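Student: First, the structure itself, so that you have it in front of you.
The values are calculated or read from the model by the stated rules, or taken from the named source; none is laboratory data. These numbers come from a predicted model, not from an experiment. Positions of Cβ are backbone-derived with ideal geometry, glycine not excepted, and every protein chain shown enters the neighbour counts.
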Amino acid sequence: MRFTTRLVLVGAFSTARALETASQWPVSALEQSLKPSQPSRPLEWGDINIISTTDTHGWLLGHEHGSFPEPNYSGTWGDYSAFVTHMKELAVEKDVDLLLVDSGDLHDGTGLVDGFPAGGVDAQDANEFFKQMPYDVLSIGNHELYVYANSYDMHMNFGQYYKDRYLSSNVNITVYDANHQSVSVPVDRFRKFKTRKGRSVTAFGVIFNFGTNAVNTTVQRVEDMVKEQWFADAIVEEPDLFLLVGHMPVARDRWPLVFNAIRAVHPTTPILIFGGHLHVRDCLQLDQRSVSLASGRYMETLGWLSVNLDSQGNTQPLNFSRRYLDANVVTYQYHTNRTDLTFGTDQGRNITTGLRELEKRFQLMEQYGVAPRDYSMTGAPYPSNDSILTLTVEEAVPTVLALNSSRAAQGIPSLLIISSGSQRFDIFKGPFTRNDELTVSPFVNQYIFFPDVPFEVAVKVLPALNGKGAERLWPGEREEGESREMRAWRVEREVEREYVDWLEDMHRQYYDSERSATVQGELTLGYVTTDACPGAGDDVAHLPIPAYRIPDFIASRTPEPVDGKVDLVFVDFIEGQLTRTLNELQTERVYTRADASVYASVWSNQVLGRYARVAWN
């Protein structure tokens, strides 16, 4: 699993328990129409209104497949631009303020960011279109910090464009100054500004205590940042509101440290917090004069928060409204009172056209085959015919390795073991393109093997790996000897684990509540959110997305041994823990990395494309 040029979102889980079977889910006529559902009610506007995005990860052309819930998120960045244009017009008509914020993670996702040619920089081209959005405050994410080239590009290009609107309150990058001396600097630590209506705002951009950043970048612990003199000076003057935008979960993380530091000086000033990182929809209040909002992932969700401001010193609860908008044109037109004829804007059309041209330049629409069905990461049980993990480990990898391995050509049986985090996203029925391959399977790993492993030992490796679990395999954030690559993998694994736990919890709460008594045939699959803020947050009612847990490691079908032996094949990324486990299971010999050889002349990120050419044409 290489992170030298890109790092992506992965998922691996410790148990295999299904909540519901996919066949139990009703599919309505609306589901087949591919048209997203209309919002349930107009937005509530306040004195201050904020649209938020987070964890966009290159999904600037929206979700283009026809299987629900994908059509819910089919809006392009150009559509989003048109929406913001019309919302700003409405804000002027209503004589209120409208702000835009983003909580980071622009890199590592679709082919628009990861499909760059040799010599390019991840997300550099796509960010030219991102920059056409008039954000008021943006913060840096951990995916901007894995690779120094990406961090440097964000500092020199993205940060220079947005200037004091792009904040890295607790992140520095080492660059050369005008005198060619290396200096460690932020983009900007905070911003003080006035809204169109003259309201004063003090903003910060904070990332969680991230420890896997690239060399020549520095992340300061949040608990240390709030002790800095610059921070104390920044919060002396009382604004109309504090705006905290950062790549950090709004629950169970370190926002309270920043919040409490401000509250110690300003006990009643409104504090609005916009978080991210865990890919969930969430809302909570740290006190009755604050609101914290997280707006999902992958341009699936736009967050909306409206607040009515009162006089300084007021101790009454804030009057606010929050909404989670499905990111599609139906949503955008509904909330701007526009039609197909009146919604589009020149800028929006130009953005979408430019992204399509980038798509062509990166050759992202090259078709490898036609997938016969949907294959899901966590929306179907593993193992099953609908599981992308079953497809990968039982069909795709064995097929491609058999075509590229001299050992397989000789008929030598093999047992394949890979991490269940080898895939990042779902495959959908229909054309399977280079963009799909980059989105679904971007990891760059070799397949290596130990030859002639006793069969009775080889078959014990998978249950032993899963029995230990990832935490016991990699217990410390900076375990001595643990590679930076492995630590980065664990950060992303935790994100996916939290996301699926959240889906599972939303599913359970839905079916434990009165909402499940509604006419399900009229609803499509989508996010169903229960959070800690008052009222309903979802803009559109859906059936909850099913969520299934999967093991940390998965294996191919058990082969028939020859002379009691098999080749034990695995990706080089898991060589360390697999070798240790293998040595614990037997005492005949001590395996080392030197005993492993390359099994096939194919990389892991090439497998699905090659398989599609063979099996899906």
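Student: Within the range 57-131, considering only helices (runs of 4 or more DSSP H) that don't extend past its boundaries, which have at least 2 residues that are without any contact (Cβ under 8 Å) to a residue 60 or more places away in the chain, touching a strand residue (DSSP E or B) at 6+ places or on another chain (Cβ under 9 Å) and farther than 28 Å from residue 491 by Cα?
Tutor: The helices (runs of 4 or more DSSP H) meeting that bar are 77-94.
Student: Could you tell me whether any residue of the range 467-484 is surrounded by fewer than 21 Cβ atoms within 10 Å (Cβ to Cβ), at pLDDT below 95, at positive phi and out of contact with any strand residue (DSSP E or B) (no Cβ under 6 Å at 6 or more places or on another chain)?
Tutor: yes
So that you can scan it fast, the table gives a plain yes or no per residue for (1) of a type outside the set (A, V, I, L, M, F, W, C); (2) out of contact with any Pro (no Cβ under 9 Å at 6 or more places or on another chain):
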position	(1), (2)
243	no, yes
247	yes, yes
251	no, yes
254	yes, yes
269	yes, no
278	no, no
282	yes, no
285	yes, no
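Student: Next up: May I ask you to list pairs of residues, at least six apart or on different chains, whose Cβ atoms are under 7 Å apart, with the first in the range 337-355 being within 16 Å of residue 58 (Cα to Cα) and the second being not in a helix (DSSP H, G or I) and not hydroxyl-bearing (Ser, Thr, Tyr)?
Tutor: Every condition considered, the pairs that remain are 351/132; 355/60; 355/61.
Student: Suppose we keep only residues that are more than 31 Å from the chain's Cα centre (by Cα) and of a type in the set (Ser, Thr, Tyr) within the range 177-207. Which one would you say is surrounded by the fewest Cβ atoms within 10 Å (Cβ to Cβ)?
Tutor: 182
Student: Only one of 450, 455 is farther than 23 Å from residue 379 by Cα and touching a Pro at 6+ places or on another chain (Cβ under 6 Å). Can you tell me which?
Tutor: None of the other options fit; the residue is 455.
Student: Among the residues of the range 260-279, is there at least one that is hydrophobic (A, V, I, L, M, F, W, C), at pLDDT 95 or above, surrounded by fewer than 20 Cβ atoms within 10 Å (Cβ to Cβ) and closer than 30 Å to residue 108 by Cβ?
Tutor: For the range 260-279, residues hydrophobic (A, V, I, L, M, F, W, C), at pLDDT 95 or above, surrounded by fewer than 20 Cβ atoms within 10 Å (Cβ to Cβ) and closer than 30 Å to residue 108 by Cβ: absent.
Student: Here is a further query. Of the conditions (1) touching a residue at least 60 places away in the same chain (Cβ under 8 Å); (2) assigned to a helix (DSSP H, G or I), residue 594 fails just one. Which one is it?
Tutor: Residue 594 satisfies every listed condition except (1).
Each row is one residue, and each column tells you yes or no for (1) under 29 Å from residue 118 (Cβ atoms); (2) modelled with pLDDT under 95; (3) buried (at least 22 other Cβ atoms within 10 Å of the Cβ).
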| residue | (1), (2), (3) |
| --- | --- |
| 361 | yes, no, no |
| 372 | no, no, no |
| 375 | no, no, yes |
| 380 | no, no, yes |
| 383 | no, no, no |
| 404 | yes, no, no |
| 417 | no, no, no |
| 427 | yes, no, yes |
| 436 | yes, no, yes |
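Student: Against the condition at pLDDT 95 or above, under 16 Å from residue 488 (Cβ atoms) and polar (S, T, N, Q), how does residue 150 come out, does it pass?
Tutor: Yes.
Student: Identify the residue in the range 113-145 that is over 18 Å from residue 279 (Cβ atoms) and of a type in the set (Asp, Glu) and, among all such residues, is nearest to the chain's Cα centre (by Cα).
Tutor: 122
Student: Hey, can you tell me all the residues within the range 381-405 that are more than 18 Å from residue 606 (Cβ to Cβ) and out of contact with any Pro (no Cβ under 8 Å at 6 or more places or on another chain)?
Tutor: Result: 381, 383, 384, 385, 386.
Student: Against the condition closer than 29 Å to residue 485 by Cα, free of Cβ contacts under 8 Å to residues at least 60 places away in the same chain and not assigned by TED's automatic domain parsing to the domain that holds residue 535, how does residue 268 come out, does it pass?
Tutor: no
Student: Ok, one more. Answer with yes or no whether residue 535 is in contact with a Pro (Cβ under 7 Å, 6 or more places away or on another chain), on the phi > 0 side of the Ramachandran plot and touching a residue at least 40 places away in the same chain (Cβ under 8 Å).
Tutor: Considered against the rule, which asks whether it is in contact with a Pro (Cβ under 7 Å, 6 or more places away or on another chain), on the phi > 0 side of the Ramachandran plot and touching a residue at least 40 places away in the same chain (Cβ under 8 Å), residue 535 comes out as no.
Student: Can you say whether residue 210 is under 24 Å from the mean Cα position of the chain (by Cα), in a loop (DSSP other than H, G, I, E, B) and either more than 30 Å from residue 529 (Cβ to Cβ) or in contact (Cβ under 8 Å) with a residue 60 or more places away in the chain (or both), as far as the supplied structure shows?
Tutor: Judged against the criteria, residue 210 is a match.
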